[in-house]
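Each reported figure results from applying straightforward, stated rules to the coordinates on display, with no laboratory input. Quantities reported herein were computed from a predicted structural model and do not represent experimental measurements. Ideal geometry is used to build each Cβ from the backbone, glycine not excepted, and the neighbour counts take in all protein chains shown.
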C-alpha cells in the first residue's frame, strides 16, 4: 500500500515539468475535440497520436496517448448532450438522458454531471488499476502456453459476443483478425505465409496502420458518404457540476465505476458496453426508474461514470497480460511495444514503477478533462458547428502521414487504405470492428501459445483442458458460444425450471 | 450497436464471400509447405493455425448463410439497383483518398503541396453544389485553397519539425 502511494507520488512528481504538463494539456484538448466530433473515435485519436509521438521519450508519448484516450471518451458526452449524436460509441448511452436534459434547458447541468461522472469514474478505475494490477500480475505469472491460448480465444469470442449486435459476425471478424495477424513470417521457422511473394508482407501487417485505416479512413468514408445534416446545438446553462448531484447519487457512481472497471478488464469489450451496462444496472436499482430516458440525472451519471471507469480498467489487462481491454487500449498496447515497454505478467517484477506511472497518467488526464470540462464549452460549441467537409480531408492526410511515420514505408499507407475500405464495407454489413482489432493484436499470442503448448505436450491436447485455469477459460469460451445457440438456451432454461420445481417441491414437503 | 442490420439477402451474399475466403484460406493452409525436410512434428507445421482459423470462419459463414436462408433471403430476392449518381459522394471520397495516397504522396511532389492539393480539391468537390446554388463559387475556391495550404503546411511543420517524424 505504502509502496504504491510512494510509487504514485514519485510518478506524479516525474511529470511535474513544463514539457509534460503542456503535452498532457494539449493531448487532453485534442482527445476532447476528437471525442466531441461525431465520427471521430477514441481509437482513431489514439492511433493518430501514436504516430505523431513516435520520436518522443516513452513516458511523454504514453502520457499523451492516455490523455487523448481519456479526453476522447469524455468529449463524446458533449455532442451526445448538445446534439443528441454520440461523439464516440461510448457516449451512446449518454444521449438518452443527456439530450433529454438539454431539451429541458438543462444542457449545462447535464455537462456538469458528465464532467463529475467522468472524473470520478476515472478515479475509481484508477484506484482499481493501482490495486488490481499487482494482484492480476501475480496471477498472470501462473499462466503458461495453454492458458494464454484460451485467453486469446476468450478475448476474441467475448469481444465478438458483446461489441456488436450479431455474435456470429463478431466472431467472424475476430477470426479474420487472428488470421491477419498470421500473415507474414511465422515465429517458429520463419516461413512466409500468405505473402504472395510481396516482400513487404514478410514482416506482417502492422497494427497501427491497420487500425488507422479501420477507424480513420473508414470513418472518413462513413461521414462523407451521406449529405451532412444541419447541426442544431442546444442552449446551455452553467456547466459547473453541482455537489448535490454527486452526493445524492454516490451509490450509483461507485456501482457504475466498479461495473465500468470490471468490463474494462474483460478483453476487447470496451467503453460502450461499460456505459450501457452501468446505465442498465442504475436503472434496475433506481428509485426513479420512470425518469430514465426522459432526463434522469442518475442515468447520465451512471453512463458517464461507467464509460470513463472503463478506460483504466481496459489498461489493467494491457499491463498484466499484454491483452487489451478495448480497441483504444489495443493501440496503447502497440504504442507501449513500439516504445520498448514490455507489458505482460513480468511487469510487476521487471518494471513495477511503470504501473504507477500509468496510474499517474490517468490522474493527470482526469485533471485535464476537469479543466476543459469547466472552461471549453463555448469553443466546443463552435467546433461542433464546424463543417465536416473541412475536417475530414485533414483527418485523412493525418491517417496517411501517420501510417507512413511508423516505419517510413509507403506499404503501410497502402495497408491503411486496404483496411479503411475493408473496414467500411464490414461496418456496412454490420460486422463489428473491435473483435477484428483484438484478433490482430492477439493473433501472435494465440498462435505461439498453441504451437508452444503442443510442442510441450508432444502433440497431446489434454493439457489444454486439464489444467485448472485453462479448463476455466475453455469453459468460459464454450459457454459464451453456447449461450447463443437457441437449443442450448432452451435446454438450460428447462433444466433451471425443473431444478426450481424440485426446490419448490422440497419446500412444500417441509411445510407439510 | 454499430449500424442497422442488413437484409437477409445481403447477409446471404456476405456469407458467400466469407465462405469463399475461408475455403481459400483452408486450401492455402493445406497446400502450404510442411517443411518435411526439417522433420518437424506435424502439429507445428506453418499451415496449422491458418487452417484452423479458415475452418472456424467457414463454419461461422455456413451458420450465417443458413440463418439468412431461414430468414427468407431468397424470397423475392433481387440485387439492389445501384444508381451511381445516388452514391456520388461515396465514389468521390474513395477516388480522392485513393488518388492522394497512391498517386500524390511519395512520388516526388513535396508532402505539404500534395496534401494542400488534396485538401483543397476535397473541400471544393464536396461544397461545389452548395456553393454553385448560393452563387459563392469564388469564395468556395478561396476557402478550399486557404484550408488546403494551411493544413498542408501545419501538418508538415508539426510532424517533421516539431515531432521529428519523417514524411512521405
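Observations, loosely collected:
- Calculated from the alpha-carbon coordinates, region B:86-162 shows an Rg and a Dmax of 13.6, 43 Å respectively.
- Degrees separating the helix B:48-70 axis from the principal Cα axis of chain B, which is the longest one: 80 degrees
- Judged by the mean number of other Cβ atoms found within 10 Å, the most tightly packed of the peptides A:282-290, B:22-30, A:263-271, A:322-330 leads the ranking A:322-330, A:263-271, B:22-30, A:282-290.
- Here the label points at residue A:287 and residue B:81, each 7 Å from Cα along the C-beta direction, are separated by 6.1 nm in the simple model.
- For region A:195-338, alpha-carbon Rg over 2.2 N^0.38 Å: 1.36
- As an equivalent ellipsoid, chain A spans semi-axes of 33, 31, 24 angstrom, where each value is the square root of five times an eigenvalue of the C-alpha gyration tensor, largest first.
- Taken as Cα centroids, region A:50-64 and region B:109-135 sit 32 Å apart, rounded to the nearest whole angstrom.
- For the peptides B:150-157, A:435-442, A:123-130, residues were scored by their other Cβ atoms within 10 Å and the scores averaged per peptide; the highest-first order is A:435-442, A:123-130, B:150-157.
- Taking region A:264-317 and dividing mean pair separation by its residue count, relative contact order in percent (alpha carbons under 8 Å, at least six apart): 59 percent
- Nearest-ten-degree value, helix B:88-98 long axis tilted from longest Cα axis of chain B: 90 degrees
- Note on region A:106-181: Cα-only Rg and Dmax are 18.3, 54 Å.
- FRET efficiency for the pair residue B:5 and residue A:418, taken as 1/(1 + (r/R0)^6) with r the Cβ-Cβ distance and R0 = 35 Å, rounds to 0.85.
- Neighbour counting of Cβ atoms within 10 Å sorts the residues B:93, A:239, A:135, A:70, fewest neighbours leading, into A:135, A:239, B:93, A:70.
- Across region A:396-469, Cα-Cα pairs farther apart than 15 Å form 70% of the total.
- Computed log₁₀ I(q)/I(0) - Debye formula, equal Cα scatterers, no solvent, region B:8-70, q 0.19 Å⁻¹: -0.67
- Gyration tensor (alpha-carbon) shape descriptor, region A:416-512, a/c threshold 1.5: oblate
- Order by protection proxy (mean Cβ within 10 Å, highest first), peptides A:98-105, A:74-81: A:74-81, A:98-105
- In terms of other Cβ atoms within 10 Å, A:321, A:410, B:137, A:454 run from fewest to most in the order B:137, A:410, A:454, A:321.
- C-alpha long axis of helix B:137-156 to longest principal axis of chain B, angle in °: 60 degrees
- Residues listed by number, region A:102-132, amide nitrogen under 18 Å from residue A:250 label point at 7 Å toward C-beta: A:116-125, A:127
- Extension gain for the segment residue A:492 to residue A:21, taken as residue separation times 0.36 nm less the Cα-Cα distance, is 164.0 nm to one decimal.
- Average beta carbon contacts from partner chains per residue of A:163-174, 10 Å cutoff: 5
- Computed on chain B, with alpha-carbon pairs under 8 angstrom and 6+ residues apart, the relative contact order is 19 percent.
- Across region B:86-162, the relative contact order, built from alpha-carbon pairs under 8 Å that are at least six residues apart, equals 35 percent.
- Calculated FRET efficiency, residue B:55 to residue A:227, Cβ-Cβ distance, R0 = 56 Å: about 0.80 to the nearest 0.05.
- Label-to-label distance, nm, for residues given as residue A:378 and residue B:90 (7 Å Cα→Cβ offset): 4.3 nm
- Per-pair calculated FRET efficiency, R0 = 45 Å: residue B:31 and residue A:165 via Cβ, rounded to 0.05: 0.75
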